[in-house]
Amino acid sequence: MADAVLRSLARWYSVPLVLAVWELLARTGAVSRRLMPSLVEIALAVWDAIASGDLLFHAGISLGRAFAGYALAIIFGILLGVAMARSRAFDALFEPIFSFGYPVPKIALYPIFIFVFGFGNLSKVMMIFLECLYPITVNAFYGMRGIDRVHVWAAHNMGASERQIFWRVLLPGAAPAIFAGLRIALPISLIVVIITEMIGESRGLGYFISYASASFEYSTAFAGVAAVAVIGFTLDRALVWLRNRLIFWERGAAFIGAA
Amino acid sequence: MKAAAAPFSRGRRAALGLALPLAALAAWELSARYGTVPDYLIAPSRILAATWEMVLSGELWRHTADSLLRAIGGYAIGGAAGVAMGLLAGIARPVERFYDPIVSLTYPVPKIVVLPILIAWLGAGDASKIAVITAAVFYPTFINALYGAKGVNRLFVWSARNMGAAPLQVFAKVILPASLPQVLTGLRIGLALAFIVTVAAELQNSRSGLGYLIADAENSLRFDLMYAAIIAIGVIGFAGDRVLVALRRRALAGQTLGKEGAHG
């Protein structure tokens, strides 16, 4: 027991170390207290924001938007990626859009999205959808393309139908790449929801943080940042857990901090 | 799998690839000219003319230069720190031990959330934007450099040591070249992020730059300016990526390791 505690302390020592340095800077007044609130003050602000219901309200709104856009991107991204990998016509039609559009910051289109879809949820959901669509589609495409032909031939040889080959060979073969795309897109959905809420909105965590910051309540702003951090970390872990459940035959999704 | 159809010829493939964008542009142009569409859908020909006018007047350059300064500033600092720390962590266990918990906890957190706080700390000028871009670029470059250095075949390192190479030589001649493909992958992801964060930061709070130009043009309903700025951002993002791909091809010429496709 004591051994296990010591070992996990040895593994994670840098996190408490950084927090201790933060606390020290805040307490000694080396940095202005107002700009760098102590951890206790931030914890109290988190508690206040939870108790008043503000934090959960704004977090719920941000999560709803992020999930809606992410889910749409998953559906259309996988469909498009698979269709592009299976049909030359689809590939020729869409490949330029994806290879040229990939490095372009699509967030620049957000003002147009506001005009087209309005100021509310829809413009944000569509922006998240567009940004997440790219990595999901491209990864699904390369996953389907990267499947060893020998597996397909072997299945053919053993009398599998086209349908069986798709569900039993192609889709499982592409699944690790598809999940890699999902993992890239997940933080993107959070980035986009936060940015769009910071730009023009009166609800959501992005608004919560920029409002608290603009009214000089920095411990409340840090409480919002902490909430985003917890959400991002938890969702990422949940996705890795799900992946390891579904793709039980191949490990190694957690490219960092894999315990 | 389908029976192998005859592959499309290059010309036919290119024609199909242009079909969707061209059809969309034509529909847009025609409906903007002859139909009743909302104000913000001004005709592509007018957008091009406005863009050209702004190029000539120098206004577009000014904002582009401001955006590039921020993006490249943050990219240079974040990328240099990420690659250096990542390689160091890849070869030195204590360094990896220090970074691993911090990076794995904060990696899935969108860095843009700290922008309002950075603005309070550093002011609303270039410094806060460069700081948030630096943070965003650091993560992918660090992680890729770390795994590049860790993934170097031990046999190469042992052989080099055996033949009497000093530790510094091993690093420069073995570890650095062998991890280069993955380091460059990280730098490519980082560049795309640098542009996204630049535009996002400028949209949110700025007095100059292409993101500001978009927001300002939108507020004053100058849609031609808005589209011109969007085009400039697209061109920069695309051109930056192409430059990195070309650099990568040069740097890895002759190397058989890590030949991935065009997508990072």
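Results, tabulated for the structure shown:
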quantity	calculated
Of B:GLY82, B:ILE175, B:PHE156, farthest towards positive along the dipole that unit charges on Lys, Arg, Asp, Glu beta carbons give chain B	B:PHE156
Exposed trypsin sites (Lys or Arg not before Pro) absent - longest run of chain B, DSSP non-H/G/I/E/B, at most 12 other C-beta within 10 Å	B:3-206
Rounded FRET efficiency, nearest 0.05, which uses the C-beta distance separating B:ARG97 from B:ALA26 and R0 of 45 Å	0.15
Interface B:A - total buried accessible surface [probe 1.4 Å, Å², rounded to 100]	5600 Å²
Sequence of A:TYR218, B:TYR139, B:TYR147 when ordered by accessible area, the most exposed leading, probe 1.4 angstrom	B:TYR147, B:TYR139, A:TYR218
Compactness of the protein assembly as shown - radius of gyration and Dmax, Cα, Å	24.5, 78
10 Å Cβ neighbours from other chains, averaged over peptide A:220-226	3
Between 0 and 90°, nearest 10: helix B:126-150 axis offset from chain B longest Cα axis	40 degrees
Solvent-accessible surface ranking, highest first, for A:VAL138, A:VAL150 at 1.4 angstrom	A:VAL150, A:VAL138
Shielding by partners, peptide B:192-201 (average Cβ within 10 angstrom, other chains)	5
Estimated 222 nm signal from helices in chain B, with DSSP H stretches of n ≥ 4 weighted -39500 (n - 2.57), rounded to 500	-25500 deg cm²/dmol
Paramagnetic label zone (point 7 Å from Cα along Cα-to-C-beta, B:LEU69; backbone N under 19 Å) in the stretch B:96-121	B:119
Theoretical FRET efficiency, 1/(1+(r/R0)^6), r = Cβ-Cβ of B:SER9 and A:PHE216, R0 41 Å, to 0.05	0.05
Excluding exposed DSSP-loop GluC sites (Glu not before Pro) (at most 16 other C-beta within 10 Å), longest clean stretch of chain A	A:1-216
Expected-Rg normalisation [2.2 N^0.38 Å, Cα atoms] applied to the stretch B:43-251	1.22
Contour excess over end-to-end distance, with Cα ends at A:ALA71 and A:ALA238 and 0.36 nm allotted per residue	58.6 nm
Using alpha-carbon coordinates, inclination of helix B:223-251 to the longest axis of chain B, degrees	30 degrees
Heavy atoms of A:ASP148 accessible to a 1.4 Å probe, total area in Å² rounded to 10	80 Å²
The stretch A:56-183, accessible surface, carbon-and-sulfur percent (1.4 angstrom probe)	71 percent
Whole-Å semi-axes of the stretch B:191-241's equivalent ellipsoid (Cα gyration tensor)	19, 13, 6
Calculated on alpha-carbon atoms, Rg and Dmax of the stretch B:113-215 in Å	19.4, 61
Reachable aspartates and glutamates, given that their alpha-carbon falls under 12 Å from the alpha-carbon of A:LYS106 and they are not under 8 places away in the same chain	A:GLU131
Ranked packing of B:228-240, A:27-39, most packed first, by mean Cβ within 10 Å	B:228-240, A:27-39
FRET efficiency, 1/(1 + (r/R0)^6) with R0 51 Å, evaluated for B:TRP158 and B:ARG207 via beta carbons	0.35
Over 27 Å between alpha carbons, listed pairs A:LYS124/B:LYS129; B:LYS129/B:LYS173; B:LYS129/B:LYS150	B:LYS129/B:LYS173; B:LYS129/B:LYS150
Rounded to 10°, Cα long-axis angle of helix B:210-219 versus longest principal axis of chain B	30 degrees
Accessible area expressed per residue, chain B, with surrounding protein chains retained (probe 1.4 Å, Å²)	50 Å²
Ratio Rg/Rh [Cα only; Rh per Kirkwood] for the stretch A:45-246	1.08
With every protein chain in place, the stretch B:77-123: carbon and sulfur % of accessible area (1.4 Å)	75 percent
Geometric extent, Cα atoms of the stretch A:77-139 - Rg, Dmax (angstrom)	13.1, 39
Positive minus negative residues near A:GLY120 (Lys, Arg vs Asp, Glu; Cβ under 14 Å)	+1
Coordinate range along principal axes, alpha carbons of the stretch A:3-49, Å, largest first	40, 27, 10
At least 27 Å along the helix axis (C-alpha) and Kyte average at least 1.6, DSSP helices within chain A	A:171-199
Rounded to the nearest 10 Å², the accessible area of A:HIS151 at probe 1.4 Å	110 Å²
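The values are calculated or read from the model by the stated rules, or taken from the named source; none is laboratory data. None of the values given here were measured: they were computed from a predicted structure. All Cβ positions, even for glycine, are placed from backbone atoms using ideal geometry, and neighbour counts span all protein chains on display. We work out accessible area using only protein heavy atoms, side chains counted, and drop any ligands, DNA or RNA first. Shrake-Rupley method; radii C 1.70, N 1.55, O 1.52, S 1.80 Å.
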